[in-house]
Amino acid sequence: MISRLTAITLNTFREAVRDRVLYNLILFVLLLVASAPLFGQISIGMERLILVNVGLSSISLFGVIIAIFIGIGLVSKEMEKKTLYTILSRPVRRWEFILGKYLGLVMTLVVNTALMTAGFYIALLITNGLHKTDALLLVAIYFTVLQFLIVTALTILFSTFSSPIFSAIFAFALFVIGTFAEDLKNFAAISKGAAKLLATAAAYVMPNFASLNVIAQAAHDQGVGSGLILFNTLYALLYSASAVAAAVLIFERRNLK
Amino acid sequence: MTSNRKATVICALLLVVFFAGTVLSRSQVEKLRGKEVTLEEVLYMPSGKTVKRMSLGYSSLLADIYWTRAVQYFGDKLNRRSMRYDLLYPLLDITTDLDPHLIVAYEFGSLFLSQQPPEGAGQPEKAVALVEKGIRENPSYWRLYFTLGFIHYLDRRDYKAAGNAFLKGSEVPGALPWMKVMAARMAEHGDDRSTAVYLWKAVYDTSIDPQVKDTAVLHLTSLRAEADIEQLEQHVKVYHERTGALPSRWLDMVRAGILPGLPQDPNGAEYKLLPNGTVDVQDPSKYRFLERSHKK
Amino acid sequence: MFAIEIQGLSKDYAVGFWKKQFRPALKPLNLAVRTGETFGFLGPNGAGKTTTLKLLMGIVSPTSGTATILGKSFQDPEVKRRIGFLPEQPYFYDYLSAPELLDYYARLSGVPRERRNPKIDELLKRVGLADVGDRQLRKFSKGMLQRVGIAQAIIHDPEVIFLDEPMSGLDPLGRHEVRELIQGLKDDGKTIFFSTHILSDAEALCDRVAVIHKGELRGVGAINDIRTSVAGRSEVIWDGAHALPAVSGSLIESHITGETVRGIAHSENIDSLLDQLRRQRARLISVTPLHGTLEEYFLAKTSEQEKVIS
């Protein structure tokens, strides 16, 4: 079971790594980071702030784009090319397939983020030199990775029952809604009666990306408590696990044409 | 049970357990973060204009979200009788940057800002800045001049500026005629209670928002109580001159023929006669804008 | 001993969005393939061949019926270690090289680490791709891809091999190569079940064939019978295995699949055979005169409109 899971995970990772689109995105991010000092020239004294904001935001945004862009194809491409048949005719369980695909994409994103982070710190070193407070930025990047876990899981969930384009739209919509998760809860708090119950339930079903976005705080050297790191990690892991479980649930019952 | 069905059942169970876990961990996260972390991001924003550029054309939707955040923030602070409203102005500023034509944000926002804590942020200068921004963006909306004049009058006691605002507003096509009356009253008797009553009546009559109407009623009852108290204290003085002693209860004054009956406040409760001859309302919480009561 | 026994397997697909209607893709199918046999599954496009294979591979779930492969339920994960499958015109992972692809499939099939590399080398040699090196599959020709496809189907030394249209889309040379490969597997003693609509391939390779048309089994026969039979032999199919002892005297040969019996008899014995079957209360399904060539047989089977039912 473990060897089949790792085989699928590694193959998914390999597919992403050999995809040229991925390199374009990474190149784009590196260019963005490299050009950040130019932004800094425009507003004097804000060099580091702008570099941090631009760098962290692009790491997050491009990670999400990669997660969705690759995630929508993970299942549908295997169906379209009939490679799924050659997998399911082997002693591979369907849940192993889904979980392996998920872990493969997560691995891709982690490696990607590590590369982009390295580029980002190099840019930081060149422009400002490294300081103690720069370690705080790692927490922001870690939270970004937690966001990727959720986005990837949601994308795979959608791709088990809808077309790639719709999966992308759904996943991106949830990402946007999730950044306003706390406003959603506020709306729920204002409403009354049955509507309140429904809205509160909806608020909890929607992912919460708001508390996973600490870029602004990090840019202003504000620390993040260890309790928050712990529970955010727990939340992201459980939420992604729920989405993957739902994906398996749908995929187990699906007739593959 | 086939392996397929077994996997389905296990997955369904895991889904339930995991989801319950997300709810628990999320409430922990929210408890740890506190309510204002998301709101505090406004402190880091270079300006609402930047946010608007980044909102990809959905700025009015974003404005609605920020407006809701401002209302929530204000309501929350109000409930807790807070004395600090640090984030209110930045929230309103971003809201109105995103949607310069969101009139409610100027009208209510400036009221939230101008009133003294704990009823409001106690920042009349910022309220003036907000309304002036609103007037710049919506010059044909005369009611903003009224709001501006109102803040100058009520919270800044700057009758000249208030009169100017009313006058300018009255020149906007479509402005109701009493704006001119306001301007005139500001010039003649800025400090009059009757002016204040007139102003709040105008607010009550022209506003369609129940919350604003309620506030206007509160102000009007407070003003009436204020007038009553002044008059009653005058009568106490008369009693003192006649008898050489202070009355210990209202009945003393009724018997002396000074009062026709037991004096009642606008809410139907009896006024309080204090041993030193001054008068107060029974329940100050019903007269939040009663200045005398606050001074004590 | 049967390697594959299909018992009443059927599949209806739901069509339409609002009003669900069920279109039968495969009517209840009974079929048995002997161990070591090369079995051709013939039928025009859309006859239900691929549906049958997808059902057997557990890719779609059957509406009714079941099947056993190597004596175990076809849904048993254990069975999947011992079977190999090549889908119709697969595209494979074109970012991989042939050795990488085979390594991936070997892992999925649970081939032990120490056996993987020698096995991959051996297979690449066997399918004539020993010299492709690290070239990615995207640069492969169709014939090369099909050979890789056969290699992945046998990487784990399966006992039963399912091939869906292994020769389609290939040029004559490619077809010849694939045919040679299948012949090699046959010589190794593997049970091979392959679907095709190309009769000459079936005629060259198969021990027996089945003809399927419009989701319905139309006939099963040994190639030798079909090829060597002269006019004067007929195929009789009926339900009711209990009747077999009583009529076996009139039969040249017979096969039983569940309750369904397929017998071959000389035409002069047909009348008495049918009488006996009627007396035994067996349910007669069809009586078909056998033809000289597979093509004639195929055409006769696919042009029958309804089953002959007494």
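Derivation of every value follows stated rules applied to the coordinates shown; laboratory data play no part. Source: prediction; values computed, not measured. Here Cβ is always computed from backbone atoms with ideal geometry, including for glycine, and neighbour counts include all displayed protein chains.
Here B:LYS6 is the anchor, and the aspartates and glutamates within straight C-alpha reach of less than 12 Å, apart from those fewer than 8 places off in the same chain, are A:GLU252.
Using C-alpha pairs below 8 Å separated by at least 6 residues, the relative contact order for chain B is 8 percent. Using the Cα gyration tensor of the range B:188-296, with a ≥ b ≥ c the square roots of its eigenvalues, what is the shape: rounded (a/c below 1.5), prolate (a/b larger than b/c) or oblate (neither)? Since a/c reaches 1.5 and a/b is larger than b/c, the shape of the range B:188-296 is classed as prolate.
The aspartates and glutamates whose alpha-carbon is closer than 15 Å to the alpha-carbon of C:LYS72, local same-chain residues fewer than 8 away aside, are C:GLU5, C:GLU159.
In percent, rounded to a whole number, the relative contact order of chain C is 20, using alpha-carbon pairs under 8 Å and six or more apart.
When restricted to Cα atoms, chain C yields an Rg and a Dmax of 20.9, 68 Å, respectively.
Sorted fewest first by neighbouring Cβ atoms within 10 angstrom, B:ILE208, B:ILE135 come out as B:ILE208, B:ILE135. Here the 3J(HN,Hα) profile of the range A:76-82, calculated from phi with Karplus coefficients 6.51, -1.76 and 1.60 at θ = phi - 60°, is 5, 5, 5, 6, 4, 8, 6 Hz, Gly and Pro shown as x. When the inverse distances between all different Cα atoms of chain B are averaged and flipped, the Kirkwood radius reads 22.9 angstrom. When peptides A:50-61, A:195-206, A:174-185 are sorted by average Cβ neighbour count within 10 Å, with the highest value leading, the order is A:50-61, A:174-185, A:195-206.
How much net charge surrounds A:LEU74 when only the other residues with a Cβ under 10 Å from the Cβ of A:LEU74 are counted, with Lys and Arg +1 and Asp and Glu -1? Neighbourhood net charge equals 0. Over all Cα atoms in the range A:65-120, the spread is summed up by Rg and Dmax: 13.8, 45 Å. The relative contact order of the range C:156-197 comes to 65 percent, based on Cα pairs under 8 Å that sit 6 or more residues apart. A Förster radius of 30 Å combined with the Cβ-Cβ distance from A:VAL21 to C:LYS142 puts the calculated FRET efficiency at roughly 0.70.
Spin-label model, B:ALA256/B:SER55: points 7 Å from Cα along the beta carbon direction are separated by 6.4 nm.
Shape class of the range A:69-211 from the Cα gyration tensor (axes a ≥ b ≥ c, square roots of the eigenvalues): oblate, since a/c reaches 1.5 or more and a/b does not exceed b/c. Along the Cα-to-C-beta direction of A:ILE2, a point sits 7 Å from the Cα; which residues of the range C:116-144 have their amide N less than 20 Å from that point? Residues C:116 qualify, since their backbone N sits under 20 Å from the label point. In units of the rule-of-thumb radius 2.2 N^0.38 Å, the protein assembly as shown shows an alpha carbon radius of gyration of 1.46. Relative to the current alpha-carbon distance between C:GLN21 and C:GLN280, full extension at 0.36 nm per residue lengthens the span by 89.3 nm. Across A:ALA171, A:ALA135, A:ALA153, mean-square fluctuation computed from a Gaussian network of chain A (C-alpha pairs under 10 Å connected) peaks at A:ALA135.
Using only the Cα atoms of the range B:74-118, build the gyration tensor, take square roots of its eigenvalues as a ≥ b ≥ c, and label the shape rounded, prolate or oblate: rounded if a/c is under 1.5, else prolate if a/b is larger than b/c, else oblate. Note, shape of the range B:74-118 comes out prolate. Among the trypsin sites (Lys or Arg not before Pro) in the range C:107-213, those placed in a DSSP loop whose Cβ has at most 15 other Cβ atoms within 10 Å are C:ARG135.
With r defined as the distance between the Cβ atoms of B:GLU270 and B:ALA227 and R0 fixed at 22 Å, what FRET efficiency is calculated, to the nearest 0.05? Efficiency at R0 = 22 Å is approximately 0.85. Spin-label model, C:THR66/C:ILE198: points 7 Å from Cα along the beta carbon direction are separated by 3.8 nm. Between B:HIS101 and C:ALA246, the modelled labels are 9.3 nm apart [label points 7 Å from Cα along Cα→Cβ].
Could you tally the net charge around B:CYS11, taking each other residue with its Cβ under 12 Å from the Cβ of B:CYS11, Lys/Arg +1 and Asp/Glu -1? Here the charged neighbours net out to +4. As a calculated quantity, the FRET efficiency between B:SER82 and A:ASN255 at R0 = 41 Å, using C-beta atoms, amounts to about 0.10.
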